[in-house]
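Beneath this line is the structure, given in structure tokens, with notes to follow.
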Amino acid sequence: MDSGLSCDSSCSVHCVPTSPLSSPFPELYSNGVPSDSQHAIIFDSIQRAKADLARIEAEMATLKAQRAELNRFICYHTGMISAVRRFPNETLADIFSRCVDPDAEFDPLRNGVWILGRVCQRWRAVALGTPELWRHFILRETGEQDPLKPFLKIQLDRARSAPLSIRFSARRSIELMDVFLDVPAQWEDVHVNSSDPRMGACFMRWPDSHFPRLRRLEITSYHPMLEGRTSRVNLVDSLPALEYLWLDIGFKPFPGQLLLPWSQLRTCILRQFSASDVLRVLPLVSRETHVSIIDPWIIPAILTAADSPIRSVQIIGRGTNVSVPTERLLIAMILPNLEKLEIGWTLGPEPLEGAISLLNTSACHLKHLSLPQGPYPLTQLISLLESPHVRDIVRLDIPHISNSEYTPSLLAKLEGNGAFLPHLHTLAIRGDSRDIEALNVLDILRDRRPTTRKVSFTRWGWDFPERERGSRDTGLEVVVLHG
């Protein structure tokens, strides 16, 4: 039996017929008993079929090998004419910069910039020739710190003169800071968060260095920064470009012998500072400095009033334990240029009383006022808002307290008194949006202020407009903030 055919004389492939093989004895399908001659014929047919099958399988193996070879050829040569190969090096470097995650923890095995350098010779050359790709260092605590040191030095070498962004958060690896202290001229954005008691000794080396590029500095240390040091540590000349400063000293006294360039700061954030230390810092900053005070605390002592030129201050505390320190701090501050006052998170009426005292003492003219959650008496709030020092206010940010007359009374005041906050442009109300929407804010304000134009529901800084009314381009914008 010949079960195979050839297409033509030039075809090297043995073809298989499309019709099924026919049995020489189909009557035996019904479990009949073959005769001796039939048995011999069937056996011979089986042998020929096995031979044909072996030949076909061999040919299939050859075809599969040829197919794999063709696929490899297509793959390799398609890559040769890929548009990526024709990109200029500058374009590749720009693409690489978008592949590098500046917040990824330092790991030579997994960081994108290290992986890109292992793809091919050209990509490696582009990566090594782009120092900006190697400028980010995120160091956190791990079990083994010493093996990182050689790789840190390699990446620093590859960064060359690029400005460095360093995030250093560890307990047992403070010695790794020595690697970066060898290149202080490249520091641009540095965040050091360490509970290592050796941090103070490391910090004492800073006056001997110069950081001409350092613009942003964040230090969190839960051990005294200059423990055991009584002489002055002057960093004024070492930090000529510093604009942003975050200091978190973990409810420890701030070392008075530490001299910082306060007057050149644009943003100054003081966390877990005592009220007396805050009052020592405020006169040193400039008019353009925005000061944030987070979780202030107070010691049993009389606070000395401090006069400061700042125009913007924010005080944030959490829980009732900071209400009294916040009030006493506000009372002790004299800020005649103050235009923006934000008080956040604190509970109880004390911060509002402190704000009233601050405004009266400073005789300032606020433009932006943000008040804490409360609760506090409505009469106290109205008294504050009727002060001549808030008459020019353009933005008011207040909480809404559910099941109370707090917000409705304020809205009624806005509706019925044309002299009450006449310049108000934005009213932000924090609370549950459904509860606030039921107040019909726009309807209440529409008659007195026809230019009131929209209600926006805002959550964590993102706007979700839910209802708008057409009006002129100027007017009161009511922003409802989810609490």
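What the table shows:
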item	result
Residues with amide H under 5 Å from that of Ile269, placed H, sequence gap 5 or more	Leu245, Trp246, Leu247, Ser292
Largest-first principal axis extents of the Cα set of the range 266-391 (Å)	35, 29, 24
Rounded percent of accessible protein surface that carbon and sulfur make up, the range 23-151, 1.4 Å probe	60 percent
Leu152-Ala412 FRET efficiency (beta carbon distance; Förster radius 60 Å; 0.05 resolution)	0.40
Value of relative contact order over the range 33-137, rounded to a whole percent, pairs C-alpha under 8 Å and six or more apart	18 percent
Stokes-Einstein diffusion coefficient of the range 171-289, Kirkwood radius over Cα pairs, 10 °C, 1.306 mPa s, in µm²/s	109 µm²/s
Average accessible area per residue (Å²) across the range 181-276 - probe 1.4 Å, nucleic acids and ligands excluded	41 Å²
Distance between modelled label sites at Val119 and Met204, nm, 7 Å Cα→Cβ extension	4.9 nm
Accessible surface of the range 180-270 [probe 1.4 Å, protein heavy atoms]: carbon and sulfur percent	49 percent
19 Å reach of a label modelled at Leu21, 7 Å along Cα-to-Cβ, counting backbone N of the range 59-85	59-61
Whether the range 230-280 is rounded, prolate or oblate, judged on the alpha carbon gyration tensor where a/c under 1.5 counts as rounded	oblate
Amide proton proximity set for Leu258, modelled H, under 5 Å, gap of 5+	Val233
Per residue accessible area in Å² of the range 17-152, where ligands, DNA and RNA are left out and the probe is 1.4 Å	72 Å²
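The values are calculated or read from the model by the stated rules, or taken from the named source; none is laboratory data. These numbers come from a predicted model, not from an experiment. Counting neighbours? That spans all protein chains shown, and the Cβs are built from the backbone with ideal geometry, glycine included. Keep in mind that these areas ignore ligands, DNA and RNA; they rest on the heavy atoms of the full protein, side chains included. Shrake-Rupley method; radii C 1.70, N 1.55, O 1.52, S 1.80 Å.
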